[in-house]
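J.: Take this structure, written in structure tokens, and hold onto it; I'll ask about it next.
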Amino acid sequence: MDFRNVIRKNNIRTRLVVMSYIVLMLVIGLLADTATHPDERMDFAANLIAFATLQQLPVATFIILGLTFLGLLYIHFFGHKLMLAGINAKEITQEGASTPEERQLFNILEELSLSATLRYVPRLYILDTDEPNAFAAGWNQRNALVGVTRGLLQTLNRQEVQAVMAHEVGHIIHGDSKLTLYVGILANVILTVTNVFAQLFIRSAGRSRNNSANKAQTILLLLNILLPIITKVLYFYLSRTREYMADAAAVDLTSDNQAMISALKKISGDHQKHDYDDESTGQEYRQAAYIFNKGDSVFSTHPSIENRIAALEGRKQF
């Protein structure tokens with residue numbers, strides 16, 4: 001299988017998903033503007049066009065864009081800290097590695113970073129938990145980090161650990177952490193704004209005499225019901241797509257699909273034997289970023305292990 005071609009195709013799908021979020025956000029803003037301060041001389045469509053072309057000031061749309069910008073700004077500076085919150089994590093450096101295991105892990109990451117032509121070696125953390133897992137985070141290559149659990153190091157051999165690390169480096173190459181955080185912000189802004197306006201319209205039902213405003217309010221009320229499902233399906237589809245891409249990147253970096261397959265089988269098998277339910281701070285963010293997360297549906301962040309292995313073996317297109 002040509003894994004680089006697979007990555008290219010999935011990048012196109014990713015752009016379509018992100019564009020869908022942006023279109024949804026703008027549509028909601030324009031509907032909110034039409035619902036709250038329409039021009040009574042115009043019909044519904046004309047009002048939307050007037051706000052979209054800035055013939056009228058789209059206040060609600062600008063507020064939504066402002067909230068999105070603030071959310072992105074927060075994630076830019078504090079997103080990586082959320083990933084390490086609530087868990088004991090030890091940073092591993094070349095000078096600070098205190099055991100052969102830690103030195104080997106740092107060397108693996110350094111070698112993969114060179115192979116991937118990353119400008120910076122990601123910061124490396126070992127998480128003090130028995131759950132075998134790993135994740136990558138960071139807004140860009142400069143502040144990227146890779147977290148690996150003690151459980152993973154105890155479960156896998158060197159080749160399998162290298163494959164998992166290559167998977168995480170793949171996420172960094174593709175900018176997946178930034179992308180998923182960006183889409184998460186868009187989704188939260190969309191849902192919050194839609195719900196706020198829907199509640200306002202419910203409380204003031206029947207008070208508007210403007211036909212354009214009534215149409216916009218009705219559409220927003222319907223979207224308030226449908227959007228939680230739509231945004232989740234889009235988000236989870238994007239997340240599953242990026243996992244396939246990271247698996248492909250791991251094979252491309254290591255030239256070995258068997259180590260990745262073996263690692264996935266061992267990690268999945270361990271999770272079937274043990275219950276690793278964790279409600280600590282930051283666990284929700286880590287679960288979405290982990291190399292393994294339970295589930296196999298349109299509402300799952302990760303594809304099933306069976307589908308991932310089939311893709312790695314070239315038996316399944318994704």
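The values are calculated or read from the model by the stated rules, or taken from the named source; none is laboratory data. On a predicted model such as this, the values are computed, not experimentally measured, just so you know. For neighbour counting, all protein chains shown are included, and Cβ atoms are generated from backbone atoms with ideal geometry for every residue, glycine included.
J.: Kindly list, by first and then second residue, each pair from a residue in the stretch 116-142 that is closer than 11 Å to Tyr290 by Cβ to a residue that is basic (Lys, Arg) and buried (at least 22 other Cβ atoms within 10 Å of the Cβ), limited to pairs with Cβ atoms under 6 Å and residues at least 6 apart or on different chains.
T.: Close Cβ pairs (under 6 Å, with a partner that is basic (Lys, Arg) and buried (at least 22 other Cβ atoms within 10 Å of the Cβ)) amount to Phe135/Arg286.
J.: Can you list the helices (runs of 4 or more DSSP H) lying wholly within the stretch 142-223 that have 3 or more residues being among the β-branched types (Val, Ile, Thr)?
T.: Per the criteria, 158-174, 176-203.
J.: Taking the stretch 30-44 as the search range and keeping residues that are of a type outside the set (D, E, K, R) and surrounded by fewer than 24 Cβ atoms within 10 Å (Cβ to Cβ), which one is farthest from Gln217 (Cα to Cα)?
T.: Out of the qualifying residues, it is Met42.
J.: Could you tell me whether any residue of the stretch 13-22 is farther than 30 Å from Ala250 by Cα, surrounded by 15 or more Cβ atoms within 10 Å (Cβ to Cβ) and outside the structural domain of Arg286 (by TED's automatic domain parsing)?
T.: Among the residues of the stretch 13-22, not one is farther than 30 Å from Ala250 by Cα, surrounded by 15 or more Cβ atoms within 10 Å (Cβ to Cβ) and outside the structural domain of Arg286 (by TED's automatic domain parsing), which makes the answer no.
J.: Return a yes/no flag: does the stretch 213-226 have any residue that is over 18 Å from the mean Cα position of the chain (by Cα), touching a residue at least 60 places away in the same chain (Cβ under 8 Å) and in the same structural domain as Phe292 (by TED's automatic domain parsing).
T.: No, the stretch 213-226 has no match at all.
J.: State whether the residues of the stretch 122-139 include one that is at positive phi, of a type outside the set (A, V, I, L, M, F, W, C) and not assigned by TED's automatic domain parsing to the domain that holds Asn224. Spell out how you get there, then give the answer.
T.: First, the residues of the stretch 122-139 that are at positive phi: 138.
From the residues that got through so far, the ones that are of a type outside the set (A, V, I, L, M, F, W, C) too are 138.
Going one step further and asking which of them are not assigned by TED's automatic domain parsing to the domain that holds Asn224, we end up with 138.
Within the stretch 122-139, one or more residues are at positive phi, of a type outside the set (A, V, I, L, M, F, W, C) and not assigned by TED's automatic domain parsing to the domain that holds Asn224.
J.: Right, here's the next one. Quick one: count up the residues across the stretch 75-129 that are within 21 Å of Ile172 (Cβ to Cβ), of a type outside the set (S, T, N, Q) and part of a helix (DSSP H, G or I).
T.: Counting residues in the stretch 75-129 that are within 21 Å of Ile172 (Cβ to Cβ), of a type outside the set (S, T, N, Q) and part of a helix (DSSP H, G or I) gives 19.
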